[in-house]
Amino acid sequence: MKYVSQIVAYALFAVVVGLFSIWPRYALLDPQKAIVSLAFSHAGERIGECRRLTQEELNELPPNMRKPDDCPRRRHPLFVQLKIDQQLLYESLLQPSGLWQDGKSNVYQRIRVDAGEHNLFVGMRDSDRQAGFDYTQEIDLVISPGQNLLVGFDATSRRFKIQ
Amino acid sequence: MNHLGALTIFFCWIVLISGIWLLIFFRTSVSGAFESVEYLSREQWYLGGIMRSLHRYASDAAILVLLLHLLKEFSFDNYRQNRWFSWITGLPLVWIIFPLGITGYWLVWDELAQYVAITSAELLDRVPIFTAPMAGNFLSDAALSDRFFTLMAFMHLIGLPIFLVFGIWLHVFRLSGPRINPPRALMSGTLLSLLFLSLVFPAQSQNKANLALAPQDLQLDWFYLHAYPLVQAWCPGWVWLLLVSVSGLIVLAPWLPPARKALPASVDLDNCNGCQRCADDCPFGAIQMVPRSDGKSYAREASVNADLCVSCGICVGACPTATPFRKRSGLVPGIDLPALPVAQLRKQIMRLDPRDDGIVAIACSGRAAAAKLRKAGEVVVEVQCIGQVPPAFFDFMLSRNIARGVFLGGCGEGGCRYRYGTDWTEQRISRRRDPQLRERVDRRRILKSWCDLQQNQSNMLRQLAEFRAAVGRTGADDT
């Protein structure tokens, strides 16, 4: 009887370990849904204009710090908006990173959408303008079920990238 | 239930040994990781596959017993007083073991790994230490670098295990003689059951990770990843708040009410001859032998560290001067427990009014055994720990005809609340440890019944009934 109860106890132990290592299944995403990942890092424009230093000013600086321009460190926050089929899915004002607010602003959002044909609009403002966008992209596309559609921003070409 | 901590360490050994085998074949790159694990699981299923399954299931078992260990120590109130240190140092182990397992899932680089990587990154991004979102590394296959993958492998294979070993040492180093190995039968049984599980349900990868697609339906390992769905259901900030709050409560628990702190053992130098038995027997290293301070000819004296003393009284049970046969008006041993001094224990025993059969039970308080015996109408002397009773008391009770039989009710093997109370009592009675029970004492008149809360205590009452009958027969034989 003692051995039987031990076998039962060990079997129960194995069942509990085996069972909860895979069960119950976790439905992360509805089969008819997809993900739109809006993610990029971009530095907004500087708060003020750069000023060209005079030769006299440059001479007063240590040799290793003689940069021709004196630029303010702080940058504008980014204003980012994402719409699908005219419906606003994301809108945020993103502050620059860093203690001096001189770094890039970061956006990372994963948004669940229905799969199918959609009109996607993304816009970003990185300057001191009060309304509108400095960069926009609007596209009609088909999003497949389970697709992870990436919406990024290419700092080199200064254009949105949708893939 | 009494070896949960040691079992956790045993499972870590299985994880280590199986992990070394996996490491031989594992390729730490984005492109190579999945294929190398698949090779182990499919081509080399007879060894690599079993090792992989053992690696996974032993990791899961480690979490299971770790959480049970935590719950047990909490429910048995084993986290207050000087145990606060072991309690608190257990928490970093939890915070190490979870990332250790999670980074392991990451390395397989299947759909589950993809989910784990993205969700972990989203969680970490809530901690303001990264200038750019870490989750941005998992946007597309092109964005993912081998170097990042190598970093994860380093954390899983070297970084976290080093912290784990150090953490285990810290967790037990204030305990004297910590049990870090479970009994062999338990090791064999659990290993065989994990092997059986590995053969019947070998661990398999899910589909290969593809960052262009979002995983939809996952076989989640709930032992490690139970908090991850909350990241999707709530948001990373709330999950952090929950984790930090629970951890904070665990840290504060030893000082939260109801706090109970009995007076520590006290040394009486007039009766202490510096024999060191109390220091040897103290399960918590609370007694040090220090140079004599009262000018007597003995070299040393016992000194109690009140911060470490849990007032179990095991030191009193070890003291050779704590004998009820002493012909002194006041029975004051070299070391005593203020809550139940030896003199009071003797008085209590001498006032006993046993039943006709003359059976007296001595049982640990704080366990259900004493209450159950009392409820069954037995004459019970409650002590803090059975190891608190010097063996001379058993001799005293039997030779002075206070009792015809002494029934000792204590905690089960490895389950002593004060770690060694039952062990030392066993050894003192069987004359393997000082102070030894005199040879003249008829051992048939003493029954040791060690059982746990979780064990069937009706077994204890059955033992007592058999003991009563046996003592009755012994008495008849003697006459």
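The values are calculated or read from the model by the stated rules, or taken from the named source; none is laboratory data. Here the structure is a predicted model, which is why all the values come from computation and not from measurement. Cβ: placed from backbone, ideal geometry, glycine included. Neighbour counts: every protein chain shown.
Which condition from (1) assigned to a loop (DSSP other than H, G, I, E, B); (2) modelled with pLDDT under 90 is the one that B:Cys275 breaks?
Status for B:Cys275: all satisfied but (2).
Which is crowded, with 20+ Cβ neighbours inside 10 Å, touching a Phe, Trp or Tyr at 6+ places or on another chain (Cβ under 6 Å) and closer than 30 Å to B:Leu175 by Cα, of B:Leu408, B:Leu345, B:Leu447?
B:Leu447
Within region A:1-31, can you find the residues that are under 30 Å from A:Gln147 (Cα atoms), of a type in the set (Gly, Ala, Ser) and surrounded by 13 or more Cβ atoms within 10 Å (Cβ to Cβ)?
Answer for region A:1-31, where residues must be under 30 Å from A:Gln147 (Cα atoms), of a type in the set (Gly, Ala, Ser) and surrounded by 13 or more Cβ atoms within 10 Å (Cβ to Cβ): just A:Ser21.
Does any residue of region B:52-66 turn out to be assigned by TED's automatic domain parsing to the domain that holds B:Phe173 and within 18 Å of B:Leu249 (Cα to Cα)?
The answer is yes, given that some residue of region B:52-66 is assigned by TED's automatic domain parsing to the domain that holds B:Phe173 and within 18 Å of B:Leu249 (Cα to Cα).
Of all residues in region B:312-337, which are part of a loop (DSSP other than H, G, I, E, B) and either within 15 Å of B:Arg433 (Cα to Cα) or touching a His at 6+ places or on another chain (Cβ under 9 Å) (or both)?
B:Cys319, B:Pro320
As an exercise: evaluate B:Leu23 against (1) within 23 Å of the chain's Cα centre (by Cα); (2) closer than 25 Å to B:Val165 by Cβ; (3) not polar (S, T, N, Q) and give the number of the one condition it does not meet.
(1)
I need a count of the residues in region B:7-45 that are farther than 18 Å from B:Met155 by Cα and hydroxyl-bearing (Ser, Thr, Tyr).
Number of matching residues: 5.
Which pairs have Cβ atoms under 8 Å, sit 6 or more apart or on different chains, and link a residue in region B:58-73 that is within 14 Å of chain A (Cβ to nearest Cβ) and free of Cβ contacts under 8 Å to residues at least 12 places away in the same chain to one that is surrounded by 23 or more Cβ atoms within 10 Å (Cβ to Cβ) and assigned to a helix (DSSP H, G or I)?
none
Being in contact (Cβ under 8 Å) with a residue 40 or more places away in the chain, of a type in the set (D, E, K, R) and either facing chain A (nearest Cβ under 7 Å) or closer than 18 Å to A:Pro24 by Cβ (or both) is the filter here, so list the residues in region B:194-232 that pass it.
If the condition is that a residue be in contact (Cβ under 8 Å) with a residue 40 or more places away in the chain, of a type in the set (D, E, K, R) and either facing chain A (nearest Cβ under 7 Å) or closer than 18 Å to A:Pro24 by Cβ (or both), then B:Asp221 is the only one that fits.
So that you can scan it fast, the table gives a plain yes or no per residue for (1) among the charged types (D, E, K, R); (2) at pLDDT 95 or above; (3) on the phi > 0 side of the Ramachandran plot:
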position: B:Ser18; (1), (2), (3): no, yes, no
position: B:Ser29; (1), (2), (3): no, no, no
position: B:Phe34; (1), (2), (3): no, no, no
position: B:Tyr46; (1), (2), (3): no, no, no
position: B:Leu64; (1), (2), (3): no, yes, no
position: B:Glu73; (1), (2), (3): yes, no, no
position: B:Trp84; (1), (2), (3): no, no, no
position: B:Ile96; (1), (2), (3): no, yes, no
position: B:Val108; (1), (2), (3): no, no, no
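Going by the conditions given, is B:Gly90 crowded, with 20+ Cβ neighbours inside 10 Å, small (Gly, Ala, Ser), within 13 Å of chain A (Cβ to nearest Cβ) and touching a residue at least 12 places away in the same chain (Cβ under 8 Å)?
In short, no.
Within the set of pairs 6+ apart or on separate chains, which have a first residue in region B:390-403 that is more than 11 Å from B:Ile359 (Cβ to Cβ) and touching a residue at least 40 places away in the same chain (Cβ under 8 Å), a second that is surrounded by fewer than 20 Cβ atoms within 10 Å (Cβ to Cβ) and among the polar types (S, T, N, Q), and C-beta atoms under 7 Å apart?
That search, which allows pairs on different chains as well, returns B:Pro390/B:Thr323; B:Pro391/B:Gln436; B:Ala392/B:Thr323.
Looking at B:Asp307, B:Asp280, which is the one that is part of a helix (DSSP H, G or I), outside the structural domain of B:Thr119 (by TED's automatic domain parsing) and among the charged types (D, E, K, R)?
So the residue among B:Asp307, B:Asp280 that is part of a helix (DSSP H, G or I), outside the structural domain of B:Thr119 (by TED's automatic domain parsing) and among the charged types (D, E, K, R) is B:Asp280.
I'd like the residue in region A:41-55 that is part of a strand (DSSP E or B) and surrounded by 18 or more Cβ atoms within 10 Å (Cβ to Cβ) and, out of all such residues, is farthest from the chain's Cα centre (by Cα).
Filtering first and then ranking leaves A:His42.
Please specify each residue of region A:104-146 satisfying the condition of being touching a residue at least 24 places away in the same chain (Cβ under 8 Å), away from chain B (no Cβ under 14 Å) and of a type in the set (D, E, K, R).
Passing the criteria: A:Glu117, A:Arg125, A:Asp126, A:Asp128.
Filter region A:1-22 down to the residues that are at pLDDT 90 or above and not in a helix (DSSP H, G or I) and list them by number.
Result: A:Ser21, A:Ile22.
Quick test of your reading of the structure: B:Arg126 fulfils all but one of (1) within 13 Å of chain A (Cβ to nearest Cβ); (2) free of Cβ contacts under 8 Å to residues at least 60 places away in the same chain; (3) not acidic (Asp, Glu). Name the failing condition by number.
(2)
Yes/no matrix, rows are residues, columns are (1) away from chain B (no Cβ under 14 Å); (2) farther than 30 Å from A:Phe133 by Cα; (3) in a strand (DSSP E or B):
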| site | (1), (2), (3) |
| --- | --- |
| A:Ala39 | no, no, yes |
| A:Glu57 | yes, yes, no |
| A:Phe79 | yes, no, yes |
| A:Leu99 | no, no, no |
| A:Asp102 | no, no, no |
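Quick check on this structure: which one of B:Ala142, B:Ala121, B:Ala135 is at the interface with another protein chain (Cβ under 10 Å from one of its Cβ atoms), surrounded by fewer than 16 Cβ atoms within 10 Å (Cβ to Cβ) and either at positive phi or not hydroxyl-bearing (Ser, Thr, Tyr) (or both)?
Only one candidate passes the filter, namely B:Ala142.
Give me the pairs: first residue in region B:163-190 and over 20 Å from B:Ala61 (Cα atoms), second residue assigned to a helix (DSSP H, G or I) and modelled with pLDDT under 95, beta-carbon distance under 6 Å, and six or more apart or on different chains, which are they?
B:Leu170/B:Thr89; B:Arg174/B:Phe85; B:Pro178/B:Val172
For region A:104-120, enumerate the residues that are surrounded by fewer than 18 Cβ atoms within 10 Å (Cβ to Cβ) and either out of contact with any helix residue (DSSP H, G or I) (no Cβ under 9 Å at 6 or more places or on another chain) or over 26 Å from B:Ala214 (Cα atoms) (or both).
The answer is A:Gln109, A:Ile111, A:Arg112, A:Asp114, A:Ala115, A:Gly116, A:Glu117, A:Asn119.
Could you list all residues from region A:104-132 that are over 18 Å from the mean Cα position of the chain (by Cα) and part of a loop (DSSP other than H, G, I, E, B)?
A:Ala115, A:Ser127, A:Asp128, A:Arg129, A:Gln130, A:Ala131, A:Gly132
Between a first residue in region A:15-37 that is facing another protein chain (nearest Cβ under 7 Å) and a second residue that is among the basic types (Lys, Arg) and crowded, with 19+ Cβ neighbours inside 10 Å, which pairs have beta carbons less than 7 Å apart while being 6 or more apart in sequence or on different chains?
Between residues of region A:15-37 that are facing another protein chain (nearest Cβ under 7 Å) and residues that are among the basic types (Lys, Arg) and crowded, with 19+ Cβ neighbours inside 10 Å, the close pairs are A:Ser21/B:Arg56.
State all residues of region A:112-142 that are aliphatic (A, V, I, L, M) and either modelled with pLDDT under 90 or within 16 Å of B:Ser140 (Cα to Cα) (or both); if no residue qualifies, say none.
Matches in region A:112-142: A:Ala131 only.
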